[in-house]
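Engineer: Please find one structure pasted underneath; my questions will follow.
The values are calculated or read from the model by the stated rules, or taken from the named source; none is laboratory data. The structure presented is a predicted model; accordingly, all values stated were derived computationally and were not measured. FYI the Cβ positions are ideal-geometry reconstructions off the backbone, even for glycines, and counts take in every protein chain you see. Keep in mind that these areas ignore ligands, DNA and RNA; they rest on the heavy atoms of the full protein, side chains included. Shrake-Rupley method; radii C 1.70, N 1.55, O 1.52, S 1.80 Å.
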Amino acid sequence: MRMRLKLKTVFVMYFMVSLLGLIYALMQLGQRCDCRDHDMSKDQQISHLQTELRKLQEHVKTSELKKTDVPRIYVITPTYARLVQKAELTRLSHTFLHVPQLHWIVVEDSPHPTSLVTDFLAASGLTYTHLHKLTPKDRKLQEGDPSWLKPRGAEQRNEGLRWLREMGAAAEGKEAAALEEAVVYFADDDNTYSLQLFEEMRYTYRVSVWPVGLVGGMKFERPVVEDGKVVRFHTGWRPNRPFPIDMAGFAVSLRSVMTNPEARFDGDAQMGFLESSFLQHLVTMDDLEPKADLCTKVLVWHTRTEKPKMKREDALQKQGLGSDPDVEV
């Protein structure tokens, strides 16, 4: 009985849909057809299509101009060799491909450029600069050290700043004028970034700030804003630091970087003070520019990729059956 009811319901629905389709088709028979294209000669049709093509090309050109007529964002990313390096850089590059006027400065923690990163950047489709700067051995984390024990990426970020200052000093004319409006951001290769974040930072006068999600053992850390000004920071660890903020939570104008050559990251800074060692040369808290709806929206997350477990790979290698070393991961 239940099956017959279901079949009956399906039949009724099918009949109703078919009837509605028939009624719609009959209604269309009475509509006038725009037959202008059929009345055109072949030459007229070609001329019409050429006109439409020119309109389309003009629209595309205007759209491209809009994309390039915005301040440039220079993104400095420190990176180092590990199993997930290429995966991290791939994910990050696919975000950057959607950001207009972005120049990626990738700085390897290496005595020389590696072929993996060199080939990756060449195929990335991005505007980029490839640098390298080896971290001194006494500043490197050793196997088993907690990630917070020593500041990471200080030398590489400083190398990116050095390149920017030299490039800016050599710029002339329109290029120099464009650099006046440019912005610098420090993007680690394991974080997650909303595209909206880059539009928020693009118009930075000195230093702009916003919340960062999943950081410091908290759901988020953020600048607290009152009457349009940053008055303190919502953080769970040492809120009395000069700038208790994550590296992903601020951008600086290239103009400020150029006019304050002493601004750099202190590789010997104590835990949690690396950002402050740089920012204290540029601004006071009163100068900070709150973005992301007065620091109420999270647009960047301090995510971390899990370290791959290679137990089976190690076992196979001992048997001489390991993965082909010529296949790049």
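Listed here are the residues, each with its yes/no results for (1) more than 19 Å from N158 (Cα to Cα); (2) among the β-branched types (V, I, T); (3) touching a helix residue (DSSP H, G or I) at 6+ places or on another chain (Cβ under 8 Å); (4) not in a loop (DSSP other than H, G, I, E, B).
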site: R82; (1), (2), (3), (4): yes, no, no, no
site: H94; (1), (2), (3), (4): yes, no, no, yes
site: W104; (1), (2), (3), (4): no, no, yes, yes
site: T118; (1), (2), (3), (4): yes, yes, no, yes
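Engineer: H112 - would you say it is outside any helix (DSSP H, G or I), open to solvent by 50 Å² or more (accessible area, probe 1.4 Å) and modelled with pLDDT of 95 or more?
Structural biologist: Details: outside any helix (DSSP H, G or I): yes; open to solvent by 50 Å² or more (accessible area, probe 1.4 Å): yes; modelled with pLDDT of 95 or more: yes.
So H112 passes the test.
Engineer: Name the residue, out of P244, P239, P261, that is assigned to a loop (DSSP other than H, G, I, E, B), over 23 Å from R162 (Cβ atoms) and in contact (Cβ under 8 Å) with a residue 24 or more places away in the chain. Write out each step before concluding.
Structural biologist: Details: P239 fails: in contact (Cβ under 8 Å) with a residue 24 or more places away in the chain; P261 fails: over 23 Å from R162 (Cβ atoms).
So the residue among P244, P239, P261 that is assigned to a loop (DSSP other than H, G, I, E, B), over 23 Å from R162 (Cβ atoms) and in contact (Cβ under 8 Å) with a residue 24 or more places away in the chain is P244.
Engineer: Identify, from the list V70, V107, V99, the residue that is in contact with a Phe, Trp or Tyr (Cβ under 6 Å, 6 or more places away or on another chain), hydrophobic (A, V, I, L, M, F, W, C) and at pLDDT 65 or above.
Structural biologist: On the way: V70 fails: in contact with a Phe, Trp or Tyr (Cβ under 6 Å, 6 or more places away or on another chain); V107 fails: in contact with a Phe, Trp or Tyr (Cβ under 6 Å, 6 or more places away or on another chain).
Of V70, V107, V99, the one residue that is in contact with a Phe, Trp or Tyr (Cβ under 6 Å, 6 or more places away or on another chain), hydrophobic (A, V, I, L, M, F, W, C) and at pLDDT 65 or above is V99.
Engineer: Still on this structure, I have one more. Of the conditions (1) in contact with a Lys or Arg (Cβ under 8 Å, 6 or more places away or on another chain); (2) aromatic (F, W, Y); (3) open to solvent by 70 Å² or more (accessible area, probe 1.4 Å), Y128 clears all except one; give me its number.
Structural biologist: Going through (1) in contact with a Lys or Arg (Cβ under 8 Å, 6 or more places away or on another chain); (2) aromatic (F, W, Y); (3) open to solvent by 70 Å² or more (accessible area, probe 1.4 Å) one by one, Y128 breaks only (1).
Engineer: I'm trying to understand the selection: among the residues of the range 228-270, which are open to solvent by less than 10 Å² (accessible area, probe 1.4 Å), in contact with a Lys or Arg (Cβ under 8 Å, 6 or more places away or on another chain) and of a type in the set (F, W, Y)?
Structural biologist: Passing the criteria: only F265.
Engineer: Would you confirm, using the coordinates I've provided, whether E88 is among the acidic types (D, E) and open to solvent by 10 Å² or more (accessible area, probe 1.4 Å)?
Structural biologist: Values: among the acidic types (D, E): yes; open to solvent by 10 Å² or more (accessible area, probe 1.4 Å): no.
For E88, the condition - among the acidic types (D, E) and open to solvent by 10 Å² or more (accessible area, probe 1.4 Å) - is not met.
Engineer: Right, another one. Could you tell me whether the range 292-306 includes any residue that is open to solvent by 80 Å² or more (accessible area, probe 1.4 Å), at pLDDT below 95, assigned to a loop (DSSP other than H, G, I, E, B) and over 19 Å from R206 (Cβ atoms)?
Structural biologist: Within the range 292-306, one or more residues are open to solvent by 80 Å² or more (accessible area, probe 1.4 Å), at pLDDT below 95, assigned to a loop (DSSP other than H, G, I, E, B) and over 19 Å from R206 (Cβ atoms).
Engineer: Quick one: E58 ticks every box in (1) modelled with pLDDT under 65; (2) closer than 30 Å to A154 by Cα; (3) not β-branched (V, I, T) bar one, so which box is it?
Structural biologist: (2)
Engineer: Then there's this: If F273 passes every condition in (1) touching a Lys or Arg at 6+ places or on another chain (Cβ under 9 Å); (2) closer than 23 Å to A182 by Cβ but one, which one does it miss?
Structural biologist: The failed condition is (2).
Engineer: Residues being touching a residue at least 40 places away in the same chain (Cβ under 8 Å) and open to solvent by less than 70 Å² (accessible area, probe 1.4 Å): count how many of those fall in the range 307-329. Before the answer, list the steps.
Structural biologist: Here is the first cut: in the range 307-329, the residues touching a residue at least 40 places away in the same chain (Cβ under 8 Å) are 307-308, 310, 328-329.
Still in the list and also open to solvent by less than 70 Å² (accessible area, probe 1.4 Å): 308.
Number satisfying all stated conditions: 1.
Engineer: Something else about it: Taking the condition assigned to a loop (DSSP other than H, G, I, E, B), without any contact (Cβ under 8 Å) to a residue 60 or more places away in the chain, surrounded by 11 or more Cβ atoms within 10 Å (Cβ to Cβ) and of a type in the set (G, A, S), does S276 pass? First the steps, then the outcome.
Structural biologist: On the way: assigned to a loop (DSSP other than H, G, I, E, B): no; without any contact (Cβ under 8 Å) to a residue 60 or more places away in the chain: yes; surrounded by 11 or more Cβ atoms within 10 Å (Cβ to Cβ): yes; of a type in the set (G, A, S): yes.
Judged against the criteria, S276 is not a match.
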